[in-house]
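Participant: If you scroll down you'll find the structure; I have some questions about it.
Every number here is computed from the coordinates shown, using simple stated rules; none is lab data. Keep in mind the model is a prediction, meaning the values are calculated, not measured. Cβ placement follows ideal geometry from the backbone for every residue including glycine, while neighbour counts extend to all protein chains displayed.
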């Protein structure tokens, strides 16, 4: 049951989240979406932690999985749109490949130590800690602020 929910339903929710995220990026802009979707991803981790508190509960597992994977798909869509906006058209393939590789490093490094952290603390606390990791990204976004009006039109076409 867990495999079906986490893999198949999770995959569908991630794909739906990517499509919804892409639509939102085109409507309200990359900067706003990065902030909103980071918050949603943190909330999604709290839902996964709730499963650890409640125990076996299929509706909660299904809801938390769908919410978490949709938020992840939305966040990935916004972040990839942001990365694409950083690329110069002349070197876009190389720059995009390098930027997405750097993007993958964080997940790889976090994945390497997450099992040890989860073993050291209980699952609800683990997911609370992971939910709080959205805060630094949101603070950096607030510190940087929305893109300036002096940016090139290609990078600000969907920005407010």
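Participant: Is it true that residue 37 is in a helix (DSSP H, G or I), touching a helix residue (DSSP H, G or I) at 6+ places or on another chain (Cβ under 9 Å) and surrounded by fewer than 20 Cβ atoms within 10 Å (Cβ to Cβ)?
Facilitator: So residue 37 fails the test.
Participant: Let me ask something else about it. Which ones in the stretch 82-92 are free of Cβ contacts under 8 Å to residues at least 24 places away in the same chain and exposed (fewer than 10 other Cβ atoms within 10 Å of the Cβ)?
Facilitator: 90
Participant: Checking residue 57 against (1) closer than 20 Å to residue 129 by Cα; (2) in contact with a helix residue (DSSP H, G or I) (Cβ under 8 Å, 6 or more places away or on another chain), which test does it fail?
Facilitator: Every listed condition holds for residue 57 apart from (1).
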